[in-house]
Amino acid sequence: MVSGSANVTINDNTQLVTENESVYIPIGAVHALENPGKIPLELIEVQSGAYLGEDDIVRFSDRYGRIEKK
């Protein structure tokens, strides 16, 4: 986390992550990120592994319109 704070939910566990902290999200984990404060949230996402494409993302819900309507 570069600045601000985030409630990070991984599977059924939620934790507050603040500036200069990080969190590991295991492969296949259902996860979400929420800014609980008024300070803009800035973070750096680092992906690792043999495949880093966006087409393997499954969105369960999304308030930003990124889920394709069927």
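All of the numbers you see were taken from the coordinates with simple rules; none came from a lab. Since the structure is predicted, the reported quantities are computational estimates derived from the model, not experimental observations. Positions of Cβ are generated from backbone atoms using ideal geometry, with glycine treated the same way; all protein chains shown enter the neighbour counts.
May I ask for the net charge around ALA6, where only other residues with Cβ less than 15 Å from the Cβ of ALA6 are counted and Lys, Arg are +1 while Asp, Glu are -1?
That sum, taken over residues with Cβ under 15 Å, equals -4.
Can you list, largest first and rounded to whole Å, the semi-axes you get for the chain by taking the square root of 5 times each eigenvalue of its Cα gyration tensor? It would help to have the intermediate numbers written out before the result.
Values: eigenvalues 94, 53, 30 Å².
Working through the eigenvalues yields semi-axes of 22, 16, 12 Å.
Work out the charge dipole of the stretch 5-56 with +1 on the Cβ of Lys and Arg and -1 on the Cβ of Asp and Glu about the Cα centre, then indicate which of VAL8, ALA50, PRO26 is farthest towards its positive end.
About the Cα centre, the residue reaching furthest to the positive side is VAL8.
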